[in-house]
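The values are calculated or read from the model by the stated rules, or taken from the named source; none is laboratory data. Values in this document were obtained by computation on a predicted structure and should not be read as measured data. Note that we place each Cβ from the backbone using ideal geometry, even for glycine, and neighbour counts take in every protein chain shown.
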Amino acid sequence: MMTKRDKIRLEAKRTNDNEMKRKYKKLRNEKNWFVQKKKKEYFKKKFTTSTESKSLWKVYEELNGKIKSSMTTNIPYIQT
């Protein structure tokens, strides 16, 4: 998904074609929406499974970027 988006971005920039720019923006927005959705699901699951105050604070700090995320990067490949 991201490589296709990047190729279209380069093509749109090189040719200054409005149709390619539109395609790029659509792919960019889809990717951003997907990442936001998965991040929301991840933290929702983390908050619901955390029962102790200490673990809730760790999730909160991870959400705010104070500690490194333990979120895995195995996001499934989306065919577009």
| remark: Over segment 18-32, the set of residues farther than 30 Å from E62 by Cβ and exposed (fewer than 14 other Cβ atoms within 10 Å of the Cβ) is N18, E19, R22, K26
| request: Please go through segment 33-57 and pick out each residue that is charged (D, E, K, R), surrounded by 10 or more Cβ atoms within 10 Å (Cβ to Cβ) and modelled with pLDDT under 85. | output: K46
